[in-house]
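The values are calculated or read from the model by the stated rules, or taken from the named source; none is laboratory data. Model, not experiment: these values are computed from the prediction. For neighbour counting, all protein chains shown are included, and Cβ atoms are generated from backbone atoms with ideal geometry for every residue, glycine included. Accessible surface areas use protein heavy atoms only, side chains included; no ligands, DNA or RNA. Shrake-Rupley method; radii C 1.70, N 1.55, O 1.52, S 1.80 Å.
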Amino acid sequence: MRQFPNDFLWGVATSAYQIEGATSADGRGESIWDRFAATPGKISDGSDGKVACDHYHRWREDVELMRWLGVKSYRFSMAWPRVLPTGRGKVNAAGLDFYSRLVDGLLEAGIEPFVTLYHWDLPQALQDQGGWPSRDTASAFVEYADAASRKLGDRVKRWITHNEPWCISVLGYGNGEHAPGHKNWSEVLATAHHLLVSHGQAVPVIRANVKNAQVGITLNLSPAWPASPSAEDEEACRRHDGSFNRWFLDPLYGRGYPKDVVEDYIQDGHLASPTLDFVREGDMATIAVPTDFLGINYYSRAIMRSDRIPESQNAPRTVHPEPERTDMDWEVYAPALTRLLQHLHTHYQPGPLYITENGCAYATGPGADGKVHDDKRVAYLRSHLEASLEAIRQGVPLAGYFAWSLLDNFEWAFGYQKRFGMVYVDYDTQRRIPKDSAHLYKALVEKNGLDVELAA
């Protein structure tokens, strides 16, 4: 029997800017994504999040979808500028009340809320004052965490501080692909540090406001595989693992920033010296605050091909067959998830692990029968849940799985061109159509196991 533990937490995940819309409703302030999307050329299809899935007005319908799916939990993010329109100071009661109503609706449907405080929508007013490269933003985040957990802490017990600090720092401040669109490596490392510091400072505040709180952070992690047996490709793996994974994991678990990566950054011209001038006394202890779980967002492994092997050597360029790829051009390779979970458990011992995002983008739409037959997403779900169960068999304390995503939505710099949802959204009418993958997920949740056949 391929069964999950009885208390396994089955869920779905979304984020505020990607689904809510209503970006100027009820006192919400401007976010960096509002500003970024309004800048010509930043979003590939020229769209924005002003309407998105209109979840702000249709949340009851979406809760009913989750009730139909049978999920036990819903991971959603709060929009910081909805709660504190200028980032700090006066709380916008109407904004907080929206999340309070949503939480009540979830609980009435028997669905546990799992709240992410920050999923990338920094209030523009804080960006105007320096954004995440400024340490003041960390203290503003703690103020926001305090307001949110005071309001909802009587009903919400599970909290995530930040979603994917690598994306916030590197994509937002390093290569400019995400808001606020900066390209300045000196800002990247300061941003990453201030995100981690704000996490460490917010955890005790949330605990003080929430009885029996469970608090953690979510990292996007990408295990590295060498493209060939060469020493050069192995070195490329070390560098990728260092900057992508260990730069965040090591300080969170009391090891400080990895020295080899500091040396890499100096070599690459991203740091002038090993002195990290954004680090203050006590910061590393603050970052390493004990947490209750670690959230992992897994989409793909990284096959590393060193640029230091001359093509003239005719070295074997890959030991991997050509894989299935999603519409994001991400490789589909579920066994890497098992290996990642096992590595985290044995190397860092973070306690319970949650897969807080896992999913794939495919453009499948309604067929002649009006249904959405997303066979590739069905296969992706099956294989990654198989990999998750294998990790549990190996002793990993994997406590839950949140499919990304409940709905097709605004996929950041790609706009509405990439569809990750298990539920199809017709953006013209806002009609929701559960795809075959949603029907499969419903059956898996009901069975609490993998021995499920999808009805024709």
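Structure data summary
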quantity: Among the residues listed as ASP327, ASP264, ASP307, the single one being acidic (Asp, Glu), modelled with pLDDT under 95 and more than 18 Å from THR161 (Cβ to Cβ); calculated: ASP307
quantity: Filtered residue count, region 245-270, keeping only those that are of a type outside the set (A, V, I, L, M, F, W, C) and under 20 Å from THR291 (Cβ atoms); calculated: 10
quantity: Selection count, region 425-456, where residues are in contact with an Asp or Glu (Cβ under 9 Å, 6 or more places away or on another chain), of a type in the set (S, T, N, Q) and not in a helix (DSSP H, G or I); calculated: 1
quantity: Residue selected from region 1-46 under the condition touching a helix residue (DSSP H, G or I) at 6+ places or on another chain (Cβ under 7 Å) and among the hydroxyl-bearing types (Ser, Thr, Tyr), by the criterion surrounded by the most Cβ atoms within 10 Å (Cβ to Cβ); calculated: SER31
quantity: Residues satisfying the stated conditions in region 437-446, i.e. open to solvent by 30 Å² or more (accessible area, probe 1.4 Å) and in contact (Cβ under 8 Å) with a residue 40 or more places away in the chain; calculated: LYS442, GLU446
quantity: Residue list for region 70-95, restricted to those being over 18 Å from SER15 (Cβ atoms) and in a helix (DSSP H, G or I); calculated: ALA93, ALA94
quantity: Elements of type helices (runs of 4 or more DSSP H) in region 259-370, at least 1 residues being of a type in the set (Phe, Trp, Tyr) and closer than 24 Å to GLU187 by Cβ; calculated: 259-267
quantity: Selected residue [among the basic types (Lys, Arg) and open to solvent by 30 Å² or more (accessible area, probe 1.4 Å)] from ARG155, ARG75; calculated: ARG155
quantity: Close pairs (7 angstrom Cβ cut-off, 6 or more residues apart or separate chains): modelled with pLDDT of 95 or more in region 1-30, assigned to a loop (DSSP other than H, G, I, E, B) and of a type in the set (Phe, Trp, Tyr) anywhere; calculated: TYR17/TRP120; TYR17/PHE410; GLN18/PHE410
quantity: Residues of region 136-152 classified as open to solvent by 50 Å² or more (accessible area, probe 1.4 Å) and farther than 24 Å from ASP283 by Cα, total; calculated: 2
quantity: Extreme residue, farthest from ASN220 (Cα to Cα), among residues of region 392-436 that are acidic (Asp, Glu) and open to solvent by 10 Å² or more (accessible area, probe 1.4 Å); calculated: ASP428
quantity: Lone unmet requirement of (1) touching a helix residue (DSSP H, G or I) at 6+ places or on another chain (Cβ under 7 Å); (2) within 26 Å of LEU252 (Cβ to Cβ) for LEU102; calculated: (2)
quantity: Residues of region 366-391 satisfying the condition of being open to solvent by 30 Å² or more (accessible area, probe 1.4 Å) and either among the aliphatic types (A, V, I, L, M) or touching a residue at least 40 places away in the same chain (Cβ under 8 Å) (or both); calculated: PRO366, ALA368, GLY370, LYS371, HIS373, ASP375, LYS376, ALA379, ARG382, SER383, GLU386, GLU390
quantity: Residues located in region 415-424, provided they are in contact (Cβ under 8 Å) with a residue 40 or more places away in the chain, of a type outside the set (A, V, I, L, M) and not in a strand (DSSP E or B); calculated: GLY415, TYR416, GLN417, LYS418, ARG419, PHE420
quantity: Scope region 252-275; condition open to solvent by less than 30 Å² (accessible area, probe 1.4 Å) and either more than 27 Å from LEU341 (Cβ to Cβ) or in contact with a strand residue (DSSP E or B) (Cβ under 8 Å, 6 or more places away or on another chain) (or both); matching residues; calculated: LEU252, VAL262, TYR265, LEU271
quantity: Residue in region 239-246 that is crowded, with 18+ Cβ neighbours inside 10 Å and among the acidic types (Asp, Glu) present; calculated: yes
quantity: Verdict on VAL279 being open to solvent by 40 Å² or more (accessible area, probe 1.4 Å), touching a residue at least 60 places away in the same chain (Cβ under 8 Å) and not basic (Lys, Arg); calculated: yes
quantity: Any hit, region 49-68, residues being of a type outside the set (A, V, I, L, M), surrounded by fewer than 18 Cβ atoms within 10 Å (Cβ to Cβ), on the phi > 0 side of the Ramachandran plot and part of a helix (DSSP H, G or I); calculated: no
quantity: Among residues of region 94-132, those that are over 21 Å from LYS157 (Cα atoms) and either of a type in the set (Phe, Trp, Tyr) or over 24 Å from the mean Cα position of the chain (by Cα) (or both), counted; calculated: 5
quantity: Tally of residues being in contact with a strand residue (DSSP E or B) (Cβ under 6 Å, 6 or more places away or on another chain) and among the basic types (Lys, Arg) across region 407-441; calculated: 2
quantity: Inter-residue pairs, beta-carbon under 8 Å, first modelled with pLDDT under 95 and in region 233-256, second surrounded by 18 or more Cβ atoms within 10 Å (Cβ to Cβ), 6+ apart; calculated: ASP233/PRO226; ASP233/ALA227; ASP233/MET304; ASP233/SER306; ASP233/ILE309
